[in-house]
Amino acid sequence: MRTTKLLLPTLKEDPADADVVSHKLLLRAGMLRQVARGIYDFLPLGLRAVHKVARIVREELDLAGCQEVLLPLVSPAELWQESERWDKYGKELLRIKDRHDREFCLGPTHEEVMTDLVRRDVRSYRDLPLNLYQIATKFRDEIRPRFGLMRGREFIMKDGYSFHVDYEDCRREYENMRAVYTRIFRRCGLTFRVVEADTGAIGGSMSHEFQVLAESGEDLILSCSKCEYAANVEKALGKSTGAEPRYGHSTLEKVETPDLRTIDEVSAFMSEPPERFVKTLIYFADGKALAVLCRGDDQISEIKLRALIKCSELRLADGEEIEQLTGAPQGFAGPVAIELRLVADQTLRGCEGMVSGANKKDAHYRGVDHEAHFPDAQFGDVRVAKAGDACLRCSPNAAEPGLLEAHRGIEVGQVFYLGQKYSQPLGATFLDADGNERIMEMGTYGIGITRTVAAAIEQNHDERGIVWPVAIAPYEVVIVATKWDDDAVREASEAIYEELRAAGIDCVLDDRDERAGVKFNDADLVGYPFRITVGPRGLKDGKVECKARTATDADEIAIAEAAGHVASLVRQARG
């Protein structure tokens, strides 16, 4: 491709409405343009990067025995009503009506549509297992679309679904897909972690996320310093390495704390550290009130809490509800004599001499003990794990287990074990070898194609622009002719360009009548992995300059060897 023929409207300044690096650079590098909030045009170079990611995904999935299909973006309400997600999914599901007043939606995901396809055409155990996928446009009506491709409303996604005769075979495919996804993101040249995760709106009983590590990541993940364990922070398992909360049994004492509600305020007033407090939060689980306890320096993980008490809906009580249930305004709840079901984090088991709210306005207790004041509490791991916690997965009995380390991550892929969550309500059944009708087991596996492009930039950039991993770069090489009106420069540039194209290298010839500095700046902004510079001075010595985007200095290479040298570097970097 010649730059003079390429639609590449680069910008010198960061757009005012872009707030993360990938959004800024995709706009500045002429790869993306906004149509509406969270909805974008992909320009040629941006679309090439998307296609590069999609190609890697297709190659690995096809090798794994998956089959590609294409499902409609618009799906009828009846399918979503069968799965009971029509009302439960929420306002992210964009509902529409056709001219006959029939209800449809724009698909944010395709569990219902794919299950419907399979239930109509797959009837025998001989046809299973089956793994089908598509790479297609999705739409989720995000309340606050932001961060460009990181959280848009319309996006390109790979979603796949597998169907099986039993749990064991479905688990086998789940692990297979986890390995396939690992290969995909390695081939994309990304640094990532595979982390245990919540199943969220998709449902199911097990899930792993693929998180690209980047400082701008929305998700906080914890990984072990010694083993391969990693999890989303709200699901991570870790044991506090702090001192046990035992301060010695003492008589219960009420302390007046006028207008002091927060743990920090009361801690300063009473000269007690936050870890000595019993934090008490009032929740409603499936409509029933309960009090949840943790140490004052911890936070409650609602994901863990929901799993422990096995509830579907969980919400915090509001101020009015708290006062009705505890007899005190928000900020003064505590476990002593409270008439609610109690759930406590395991770090409070056996605690003595703690401080808590007194269920009375402007009052707290000293001397709160587990055995004396909340002996009937249900204990479990409901705290948010922290960096520095001991890992519970790598040799729990080891003298020195690994410690959890914190990273910011961008979720680019996720795998789910669904079981019969969709196959049962939609009636996806098969006849087994004995002629008995049975319900299929399912798994689902997603990759955000456009999100992966954004995540790659968030992880790989510098002050000059994008630093693409070679495997997903729109073009791998740019040939910069510093003086296009010089016959020798033009002829040498053309020759190298044609040789690289013949060698199967994706390359751009910058044939613009522009200053060399402008061309260099654009090359760095766009992020071409390799640059060949052809100029009059070098040609006099029979040389051109070759430079990797990540290198500080350029190498001088003989003109006749330049194309072959760079082609070899590209092939090596492709992996």
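Any read-out appearing in this document is the output of simple, stated calculations on the displayed coordinates, not a laboratory observation. What you see is a predicted model, and the numbers here were worked out from it, not measured in a lab. Glycine gets a Cβ as well: all are built from the backbone with ideal geometry, and neighbour counts include every protein chain shown.
Okay, here's what the table says:
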read-out	value
Fraction of antiparallel bridges per DSSP, the chain only, in percent to nearest 5	80
Semi-axis lengths (Å, descending) of the ellipsoid that matches the C-alpha gyration tensor of the stretch 137-224	24, 18, 14
Contour minus Cα-Cα distance for residue 146 and residue 91 (0.36 nm per residue)	18.1 nm
Bins of 5 Å from zero: percent of alpha-carbon pairs in the stretch 475-574	2, 14, 28, 28, 20, 7, 1
Where trypsin sites (Lys or Arg not before Pro) in DSSP loops with at most 10 other Cβ within 10 Å are excluded, longest remaining stretch of the chain	311-575
Antiparallel bridges, percent of DSSP beta bridges restricted to the stretch 475-574 (to nearest 5)	45
Added length on full extension, which subtracts the Cα-Cα distance from 0.36 nm per residue, residue 432 to residue 315	37.8 nm
Identified option (computed Rg/Rh (Cα atoms, Kirkwood Rh); candidates (1) 0.95; (2) 1.06; (3) 1.34)	(2)
Sequence of 167, 40, 89 once ranked by neighbouring C-beta atoms within 10 Å, starting from the fewest	167, 89, 40
222 nm mean residue ellipticity, helices alone, for the chain (DSSP H n ≥ 4; -39,500 (n - 2.57); rounded to 500)	-8000 deg cm²/dmol
Lysines whose Cα lies under 25 Å from that of residue 239, excluding same-chain neighbours fewer than 8 positions away	226, 279, 304, 310, 386
In the stretch 1-105, GluC sites (Glu not before Pro) in a DSSP loop with at most 15 other beta-carbon atoms within 10 Å	13, 84, 92
Cα centre as origin, Lys/Arg/Asp/Glu Cβ charges: the stretch 512-575 dipole, Debye	140
Virtual spin-label span in nm between residue 81 and residue 387, 7 Å along Cα→Cβ	5.1
Antiparallel %, DSSP beta bridges [both residues in the stretch 253-379], to 5	75
Tensor-based shape of the stretch 333-378 (alpha-carbon gyration tensor, a/c under 1.5 rounded, otherwise prolate or oblate)	oblate
